[in-house]
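This structure is in structure tokens; I'll ask about it shortly.
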Amino acid sequence: MVRASTKPAKFDQLSRGTNQTGVRLYNERLVLSLVRRHESLPKADIARRTGLSPQTISTIVNALEADGILRRLSPLRGKVGQPLVPYALNPRGAFFLGLKIGRRSSDIVLMDFAGTVLGRIHQPHPYPTPKAILDLSQRGIDELSASLSADETARIAGFGIASPFELWNWASQIGAPNEVLEDWRKTDIRSLIADISPWTVYLHNDGTAACAAELVLGNGQHGDDFLYIFLGSFIGGGVVLDSHLFPGRTGYGGAIGPLPVPTADGGFEQLIRSASIYVLADRLTKAGQDPRVLWEDPGSWGDIGPVLDEWISDVARSLALATISAISIIDFHTVVIDGAFPPAVRQALVQATRQAAKGFDLQGLAPFSIAEGTIGYRAREIGGACLPLLANFTQDREVLFKENG
């Protein structure tokens, strides 16, 4: 589940929904979700797609325009009748901070309402520590918000954290001293950041946060139900059902890493121990190659050679098994694969996974596709920024009950 501080947001002009009925809030979010998906829509199309009356839509759209959340575009002039006036999201209507806590580096970004990253701070480290993450958060709050005007700063809607859960359980993979791991065990990083943040702080598993980025900012081609897999230092993922993020009862929904996969000796191991990038780093080290290329520039690994090809082949077999297992439980329309690697690696991995999946008996399964993600290696920090966006501006199946309860 998303864990959020109870600190009230400072953007008073954007918080009208807290004083309205749940129905009104839900309808506003519905309108914003539709406009985001279609990029721009006139009032008539919004009314048709929502089933709400033209008068209701006009009232909602006018209010969102007055709040600076929507902006009016140039009229579309046809041959007959009055010109249609489309409305689009106002990129400067709201802003969000997103933090990714990573094994070898952490990042904090400032994102606008349209999903454009306006600023980024990248912090490499041998391993994350609570103090280093808190210092990076303070730096991001100070430096990134300084790029906005006073009015725009008042429109920052929250601070989202994308973090692996239970960092202290991954001693060998993180490579941190025992005292650092114990420090993580005792630390509530969301509470620490909430103490220094002027805005509400949200925390989610990094894989599910990356899934949120694909859901909110992706091109919508994956359908209403998809399993999302992200290969970072550790593999993780998320689930989307009926176009809603589904974190599960404890926030581990779609974690994917604990799935058992067979080993060469006839045993089993967790997927995280074979299909994570730290495994590739270990293989590079054993081959006498420098693994730092993997995290110093995730967008360009250069020519790694046969070690990469072998890793892709091994990972593809494991991902194909995970795909078939997941679809056997929930008939996902699509399995989306992304990760902290260059686009060419993503493409090769997706193609290899598709080929590996053909080797399974698919009888009894509905047709599905295996597709590339659209966000790329920055999906986790962008996903962190998407958490307050989801919480404040998107359609939420529970809003009615929360507001009316």
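The values are calculated or read from the model by the stated rules, or taken from the named source; none is laboratory data. Quantities reported herein were computed from a predicted structural model and do not represent experimental measurements. Quick reminder, even Gly has a Cβ in these numbers, built from the backbone with ideal geometry, and neighbours come from all protein chains shown. Accessible surface areas use protein heavy atoms only, side chains included; no ligands, DNA or RNA. Shrake-Rupley method; radii C 1.70, N 1.55, O 1.52, S 1.80 Å.
Share of region 283-344's accessible area from carbon and sulfur, percent, 1.4 Å?
The C+S portion of the solvent-accessible surface of region 283-344 is 53 percent.
Using a 1.4 Å probe on the protein chains only, how many percent of the accessible area of region 81-180 belongs to carbon and sulfur?
52
So, one more: Given a 1.4 Å probe and the protein chains all in place, what does the accessible area of residue 85 round to, in Å² to the nearest 10?
It works out to around 40 Å².
Apply 1/(1 + (r/R0)^6) to the Cβ-Cβ distance of residue 169 and residue 365, taking R0 = 41 Å, and write down the FRET efficiency to the nearest 0.05.
0.80
Something else about it: Tally Lys/Arg at +1 and Asp/Glu at -1 over every other residue whose Cβ is under 14 Å from the Cβ of residue 214; what's the total?
-1
Return one whole number: the accessible area per residue of region 144-197 in Å², for a 1.4 Å probe.
45
To continue, here is another question. Grab the beta carbon distance between residue 82 and residue 139, set R0 = 45 Å, and tell me the FRET efficiency rounded to 0.05.
0.30
With volume of the Cα convex hull per residue in Å³ in mind, check [x] 129; [y] 166; [z] 144 and report the label derived from this structure.
Read-out from the structure maps to [y].
To the nearest 0.05, how large is the calculated FRET efficiency for residue 114 and residue 328 if R₀ is 51 Å and r is the Cβ-Cβ distance?
Efficiency at R0 = 51 Å is approximately 0.85.
Moving on. Where only protein heavy atoms count, and the probe is 1.4 Å, what is the accessible area per residue for region 248-358 in Å²?
Solvent-accessible surface per residue comes out at 47 Å².
Tell me the label-point distance for the pair residue 309, residue 149, using the 7 Å Cα-to-Cβ offset, in nm and rounded to one decimal.
5.6
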